[in-house]
Amino acid sequence: MFVALEGIDGSGKSTVARLLYESLKGKGFVLTREPTESRIGIFIKELLKEQELSQDTIQLLFTADRAYHMETFVEPMLKEGHGVITDRYLFSTIAYGYGAGLEVEWIEKLNSRFRIPDLTFLMDLDPETAVQRIGKRNEKGEFFEKLDFLKRVREGYLMLSKRYDGFVIIDASMDERSIRDSILSVIEDKI
């Protein structure tokens, strides 16, 4: 089973992904994330800190990282019979591209060769709450963490949840353990 956790920055994806993994590792699940810790993923993170990139360039870099990730980790793990939980996946690319004003159809086409997750949990959170959470963990927000941008990204995610099967919307204003339990109940019904 391939499970993706998606949502705007500050929605708690990484924390819940770790909690979910701790609950499911005994059932053969592994945890991963995008961008990855591969050379491509590290390069992306460094570039985003050092200079402003065009949205087209950002999309192409994230897609390259995903291709490598799928080829070297996700697909092999699934073939070995593991469940895979990913903290972000292709719907992040589409929603963030939408938030930046790119054509969704172009981003979807760019990512059309990648598998759609069996389940995608959209951790839905009010962008104002997300910005407050982000402010508590760091002083200077990145471009991706600005309120107006996060509002557009959230709109993109909600649009995607209607266009693709397997989306489950989770209220990310709950505490992390309640969110984990809600997600676990859905996963366990599917296993």
Expected output for the range 144-161 (first residue under 14 Å from residue 134 (Cα atoms), partner modelled with pLDDT under 95 and small (Gly, Ala, Ser), Cβ below 6 Å, 6+ apart or cross-chain) is 150/130
In the set 160, 147, 184, the lone residue that is farther than 22 Å from residue 83 by Cβ and at pLDDT 95 or above is 160
Subset of the range 109-119, residues open to solvent by 10 Å² or more (accessible area, probe 1.4 Å) and in contact with a helix residue (DSSP H, G or I) (Cβ under 6 Å, 6 or more places away or on another chain), comes to 110, 114
Flagged in the range 87-117 as assigned to a loop (DSSP other than H, G, I, E, B) and of a type in the set (Val, Ile, Thr), in numbering order, are 116
Log entry, pairs with first residue in the range 78-96 being over 24 Å from residue 156 (Cβ atoms), second being open to solvent by 10 Å² or more (accessible area, probe 1.4 Å) and basic (Lys, Arg), beta carbons closer than 8 Å, six or more apart or on different chains, reads 83/27
(message) Take residue 70 and tell me if it is surrounded by 15 or more Cβ atoms within 10 Å (Cβ to Cβ), in contact with a strand residue (DSSP E or B) (Cβ under 7 Å, 6 or more places away or on another chain) and either farther than 26 Å from residue 20 by Cα or touching a residue at least 24 places away in the same chain (Cβ under 8 Å) (or both).
(response) no
Exercise. Would you check if residue 128 is part of a helix (DSSP H, G or I), of a type in the set (Asp, Glu) and open to solvent by less than 60 Å² (accessible area, probe 1.4 Å)?
Key: no
Restricting the range 149-177 to residues that are in a helix (DSSP H, G or I) and touching a strand residue (DSSP E or B) at 6+ places or on another chain (Cβ under 9 Å), the one most open to solvent (accessible area, probe 1.4 Å) turns out to be 154
Within the range 73-99, the residues that are within 17 Å of residue 55 (Cα to Cα) and open to solvent by 30 Å² or more (accessible area, probe 1.4 Å) are 98
Within the range 6-65, restricting to residues that are within 16 Å of the chain's Cα centre (by Cα) and basic (Lys, Arg), the one that is most open to solvent (accessible area, probe 1.4 Å) is 18
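The values are calculated or read from the model by the stated rules, or taken from the named source; none is laboratory data. Note that the coordinates shown come from a computational prediction; the quantities given were computed from them, not determined experimentally. A quick note on method: Cβ atoms are made from the backbone with ideal geometry, for glycine too, and the neighbour counts reach across all protein chains shown. Note: areas computed on protein heavy atoms with side chains; ligands, DNA, RNA excluded. Shrake-Rupley method; radii C 1.70, N 1.55, O 1.52, S 1.80 Å.
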